[in-house]
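Before any comments, here is the structure.
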């Protein structure tokens, strides 16, 4: 009796199916290792913006890239001591009263309510003296909110400067999520297509592809293959080219335009 499950060789031939950890755990592993998002992006040969979306679970790559990312995340986890948590305060040098810079110190937070106002220097270029003040203040234990208030800058701007000074990880929360492109309405439905081609949009199995290659090699035409496999000619043409089939129908496939998207039909 036929079994609905694939054979061992067929199952192994499909390769591993990497499953990434949840987005929060991806970021936690990277930050515990001490790597910035930009460094991870460079290691995986992608753009930082793409890496930020990937880490947040908003980007999906092919199996090879996903496997490379998973290997890197697992290496971060496996090479860290159990329950390791960096002592961030130990990485900062406590301020020394006698070694304060000649520039005006950053004022302490005033008590009471303060009127909310937009930073006065929002959008203005950062001078080197401002970057030095932000760096010294951060290493001295001053919060990003206090640094932003003292320099009349936004907190987001301060975070980006501290990141470029390699003092904090990549501020992924400040990267806007990629906009979803509006989906164009389809001129037809799957049900309408399947009235003519019963297997339209159905996934191709390994057996389907093997049978298609055999029938093509036997000399079946594109129209005959379309009728036999219950798919439209465009889908047959694309699949013949994808599996490198051999036969007269392949020539028809190129003439039909099988090099355009449509391999799933």
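Direction-averaged shadow area of the convex hull around the Cα atoms of region 126-172, nm²?
2.9 nm²
Rounded to two decimals, what is the ratio between the C-alpha radius of gyration of region 190-256 and 2.2 N^0.38 Å?
Rounded to two decimals, the normalised Rg is 1.01.
Work out how much length residue 196 to residue 128 would gain on full extension: take 0.36 nm times their residue separation and subtract the Cα-Cα distance, in nm to one decimal.
17.6 nm
Within 10 Å of each residue's Cβ, count the other Cβ atoms and sort 76, 170 from fewest upward.
The fewest-first ordering by Cβ neighbours comes to 76, 170.
Classify region 16-78: rounded, prolate or oblate, from the alpha-carbon gyration tensor (a ≥ b ≥ c, eigenvalue square roots; a/c under 1.5 rounded; otherwise prolate if a/b is larger than b/c)?
It comes out rounded by the Cα gyration axes.
None of the figures in this text is laboratory data; all of them are computed from the coordinates on show. These numbers were taken from a predicted model, which means no experiment stands behind them. No Cβ is skipped: glycine too gets one built from the backbone with ideal geometry, and neighbour counts run over all protein chains shown.
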